[in-house]
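Engineer: Below is a structure I'd like to ask you about.
The values are calculated or read from the model by the stated rules, or taken from the named source; none is laboratory data. Remember, predicted model here, so these are calculated numbers, not experimental data. FYI the Cβ positions are ideal-geometry reconstructions off the backbone, even for glycines, and counts take in every protein chain you see.
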Amino acid sequence: MASFKKHETGWEFRIRCKDPFTQKFTEKSQRGFSTKREAQTAATDLEKKLAEGYEKIDISLSDFLTKWIDEYKTGTVRKNTIELHKNNIKTHIKPYFKNIMLKDIKPIMYQEFLNSIGDKGYSRRTVELVHSTLHNALEKAVTLCKLERNPCNGSEIKGPKKKSTVQFIESSDIQRFLQTARQYGYIYWMIFKLLIETGMRKGEAAALQRTDVDLNQCTVRINKSLDFTAKDDSELFGDTKTLRSERTIRITSTLAADLRYHFDWLDQNKDIMKEVYRNDLDLVLCREDGNYMPKSSLFNAFSRILKKADLPSLPIHSLRHTNAVLLLEAGADMKFVQEQLGHGSIQITSDVYAHISKKIEAANMEKFEMFTKGILQ
């Protein structure tokens, strides 16, 4: 029950409530109401919120974000995602909001914050990533009944949306690329050939162990990803990007033959290196001593091979797109491409490769028209 008292500054209400953990009673009060009725209305509203589990706790945004990272994000998302959130908080969110209390963030204030990032010259994509961090965090605050509503809802991000272009190696250029890669170095040829033929992410390919490959069945099991930034071996293998990314894919008999030869190459290196060889990692794609291939080595080799092959500069991720394009050009349906790549939904696959599939459809229609020219007239 609430009690009321009149002061020189206005009416005050006090409410006694029990902490569900300690079972101790505490008092909550607020004063400054013009009339007793206003105080009664406010007290009733607070009692209702307390009954529903909501409580306006005076916690700063900074402290809440630390709690959000430690208790709700760490261990539930990939380390790279955690680092992205931490960087957004450190670089953009904390410097702008400083010591503001969580409950004091208003929609118009949040919109001004987003605008300020763009005004500093950051790209729209950067603003979107920062927005994603704070929106995600404050959505959790709503779930925890620390906020009634998310002030990030309804905000707008200025600037034109960057058109996402799918970069890949044209099928007519793949042979030249692989021949150049073979001349550059055997292991790089093997890595890049496998990426083109399977569509794996570079981290998934780098984490492949021999037990993941079944050459008799021509299958590869993808169930982990290598963390190139790991501080020690205990952090080297992590989860795949999403649960759907864990998959078993089929490979061609040609790639299986290449891998058979490659396993012999690995065994020869083991015999030569003896105890120096990293047998404990049992990696498929590795350096001669069995250790994992640094990301910088992969990036540099890929860049140099493209240049030597007289091909335009591309990111390594383009090899994943190259695989998808090859599948579509070969007549594979979108569902198969989705499963091969480990996309969370077929919608993601169709959104990414829509313009490519339309191009292929147009080419097929041209072939159909040429074939039926003398038949249907």
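Engineer: What helices (runs of 4 or more DSSP H) lie completely within the stretch 232-335 and have 3 or more residues being under 25 Å from L215 (Cα atoms) and at pLDDT 90 or above?
Structural biologist: Ranges flagged: 253-273, 318-329.
Engineer: Regarding K274, is this residue basic (K, R), over 22 Å from A230 (Cβ atoms) and out of contact with any Leu (no Cβ under 6 Å at 6 or more places or on another chain)?
Structural biologist: Here the answer is yes, as K274 does meet what is asked.
Residue-by-condition table, conditions (1) over 26 Å from M334 (Cβ atoms); (2) of a type in the set (D, E):
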{"position": "I174", "(1), (2)": "no, no"}
{"position": "E197", "(1), (2)": "no, yes"}
{"position": "D214", "(1), (2)": "yes, yes"}
{"position": "T219", "(1), (2)": "no, no"}
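Engineer: Mind listing just one residue for me: the one in the stretch 111-127 that is surrounded by 16 or more Cβ atoms within 10 Å (Cβ to Cβ) and closer than 13 Å to E156 by Cα and, of those, nearest to the chain's Cα centre (by Cα)?
Structural biologist: V127
Engineer: Related question: Mind checking which residues of the stretch 277-305 are free of Cβ contacts under 8 Å to residues at least 40 places away in the same chain and on the phi > 0 side of the Ramachandran plot?
Structural biologist: G290 - this is the single residue of the stretch 277-305 that is free of Cβ contacts under 8 Å to residues at least 40 places away in the same chain and on the phi > 0 side of the Ramachandran plot.
Engineer: List pairs: first in the stretch 306-325 and on the phi < 0 side of the Ramachandran plot and crowded, with 19+ Cβ neighbours inside 10 Å, second of a type in the set (F, W, Y) and part of a loop (DSSP other than H, G, I, E, B), Cβ under 7 Å, 6+ apart or cross-chain?
Structural biologist: S318/F168; H321/F168; T322/F168; V325/F168
Engineer: Would the stretch 237-244 turn up any residue that is surrounded by 17 or more Cβ atoms within 10 Å (Cβ to Cβ) and more than 21 Å from the chain's Cα centre (by Cα)?
Structural biologist: Scanning the stretch 237-244 turns up no residue that is surrounded by 17 or more Cβ atoms within 10 Å (Cβ to Cβ) and more than 21 Å from the chain's Cα centre (by Cα).
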